Structures are given as C-alpha cells and as structure tokens.
Amino acid sequence: MLANGTNECSCKKTNCERHGKCEECIGHHKNSSRYPKPYCMQNHRKPQKQD
C-alpha cells in the first residue's frame with residue numbers, strides 16, 4: 001500500500017523516476033521549499049463558485 005492509502009500512485013508525473021516509490025518521493029519533497037508534500041499528500045480542493 002502506498003502513502004495515499006491505495007495500491008496506485010496518484011501523482012500526475014508518471015514519467016518521474018520516483019513514481020510509485022513513496023519513501024523516495026517523500027524524502028525528496030522533505031528537502032523542497034516549494035513543495036514540501038508529495039502530490040498525494042497535498043490538499044487538492046477546487047475553489048467553490050460564487051453565484
């Protein structure tokens with residue numbers, strides 16, 4: 001089981017060398033100031049439309 005709780009990596013960068021390798025991916029993102037969390041751990045919510 002991967003970090004996102006499923007058996008499939010939800011990251012959109014399928015050609016990444018760390019795709020599907022959660023430990024490597026999390027370690028890489030810990031050193032990043034721009035994206036400290038991997039894609040599967042980020043909060044992806046679309047803003048609600050205002051009427």
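The values are calculated or read from the model by the stated rules, or taken from the named source; none is laboratory data. Just so we're clear, the structure is a prediction, and the values are computed from it rather than from any experiment. Neighbour counts are summed over all protein chains in view; Cβ atoms, including those assigned to glycine, are modelled from backbone coordinates with ideal geometry. Quick note on the areas: whole protein, heavy atoms, side chains included, nothing else; ligands and nucleic acids left out. Shrake-Rupley method; radii C 1.70, N 1.55, O 1.52, S 1.80 Å.
Table for the structure above
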read-out: Lysine pairs meeting the criterion (Cα under 19 Å, 8 or more apart or interchain), as found in the chain; value: 10
read-out: Among 2, 41, 19 - extreme Cα towards positive end, dipole of the chain, charges at beta-carbon; value: 41
read-out: Inter-label distance for residue 1 and residue 42, nm, one decimal - labels placed 7 Å from Cα along Cα-to-Cβ; value: 2.5 nm
read-out: The chain - accessible surface per residue (Å², probe 1.4 Å); value: 97 Å²
read-out: Estimated D of the chain in µm² per second, where Rh is the Kirkwood radius over Cα pairs and Stokes-Einstein applies at 10 °C, 1.306 mPa s; value: 131 µm²/s
read-out: Percent carbon-and-sulfur accessible area, the chain, ignoring ligands, DNA and RNA, probe 1.4 Å; value: 46 percent
read-out: For residue 29, net neighbour charge (Lys/Arg +1, Asp/Glu -1) across residues whose Cβ lies under 14 Å away; value: +3
read-out: Over the chain: helical MRE at 222 nm, DSSP H runs n ≥ 4 each giving -39500 (n - 2.57), nearest 500; value: -5000 deg cm²/dmol
